[in-house]
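Q: Here you go, one structure.
The values are calculated or read from the model by the stated rules, or taken from the named source; none is laboratory data. In this text, all values refer to a predicted model and were calculated from it rather than measured experimentally. Cβ sites come from the backbone with ideal geometry, for glycine too, and all protein chains shown count toward neighbours.
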Amino acid sequence: MSEQKEMKTREGSEIQSQSEQDVFVRPAVDIYESGHEITVKADLPGVSRDRLQVQVDGNTLAIEGQAAIDMPEGMEAVYADVHTTHFRRSFTLSNELDSGNINAEVKDGVLTLRLPKRAELQPRKIEVSVG
């Protein structure tokens, strides 16, 4: 039995593992681009702010979180559709983005990241004067 697992698709969510002990879910994301920024929305159900980590290292943006499933006192789970509560996803950032000014907000299980484009690369309107 190999300690390595292959990526599997399971009811729309991708599950990855590096070893039997290191299982995580690759959260679904939506990515939008405007002239001034890129917005990333990641589905992280059950992940609170204190269990979420967003990091930039060089040109890599990493999202990692762990969902907390609260059980009523004296009860235990007998069935769960979710077999892991660890989320992880990473992205390679373009040089046109200002990684020092990324804004992150989590609400209702959705992480929203706003990645501004560097000011000198943003579109700008040039006024034309009459001469």
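Q: For region 59-82, which residues satisfy the criterion of being of a type outside the set (S, T, N, Q), within 17 Å of the chain's Cα centre (by Cα) and either surrounded by 16 or more Cβ atoms within 10 Å (Cβ to Cβ) or over 20 Å from residue 111 (Cα atoms) (or both)?
A: Matches in region 59-82: 61, 63, 64, 65, 67.
Q: Starting from region 96-108, take each residue that is without any contact (Cβ under 8 Å) to a residue 24 or more places away in the chain and list its partners that are among the small types (Gly, Ala, Ser) and part of a helix (DSSP H, G or I), counting only C-beta distances under 8 angstrom and pairs at least six apart or across chains.
A: Every condition considered, the pairs that remain are 98/119.
Q: Out of all the residues in region 71-85, is one or more within 23 Å of residue 30 (Cβ to Cβ), of a type in the set (A, V, I, L, M, F, W, C) and at pLDDT below 90? I'd like the intermediate steps shown before the answer.
A: Applying the first criterion (within 23 Å of residue 30 (Cβ to Cβ)) to region 71-85 yields 81-82, 84-85.
Among the residues that remain, those that are also of a type in the set (A, V, I, L, M, F, W, C) are: 82.
Then drop every residue that is not at pLDDT below 90, which leaves 82.
So far as region 71-85 goes, yes, one or more of its residues are within 23 Å of residue 30 (Cβ to Cβ), of a type in the set (A, V, I, L, M, F, W, C) and at pLDDT below 90.
Q: Let me ask another. Take region 76-106 and flag every residue that is closer than 17 Å to residue 66 by Cα, among the β-branched types (Val, Ile, Thr) and in a loop (DSSP other than H, G, I, E, B). Lay out the reasoning, then the answer.
A: Step one: filter region 76-106 for residues closer than 17 Å to residue 66 by Cα, giving 80-90, 104-106.
Okay, now just the ones that are also among the β-branched types (Val, Ile, Thr), so 82, 84-85, 106.
Within region 76-106, 82, 84, 85 qualify.
Q: If you go through region 83-99, how many residues are more than 10 Å from the chain's Cα centre (by Cα) and either surrounded by 12 or more Cβ atoms within 10 Å (Cβ to Cβ) or closer than 18 Å to residue 33 by Cα (or both)? Even if it seems obvious, please write down each step before you answer.
A: Step one: list which residues in region 83-99 are more than 10 Å from the chain's Cα centre (by Cα), which gives 83-86, 92-99.
Okay, now just the ones that are also either surrounded by 12 or more Cβ atoms within 10 Å (Cβ to Cβ) or closer than 18 Å to residue 33 by Cα (or both), so 84-86, 92-99.
Total satisfying the criteria: 11.
Q: Could you grab me the full set of residues in region 100-115 that are closer than 18 Å to residue 29 by Cα and either of a type in the set (Val, Ile, Thr) or more than 12 Å from the chain's Cα centre (by Cα) (or both)?
A: Within region 100-115, the subset closer than 18 Å to residue 29 by Cα is 102-115.
Across region 100-115, the qualifying residues are 102, 103, 106, 107, 108, 110, 112, 115.
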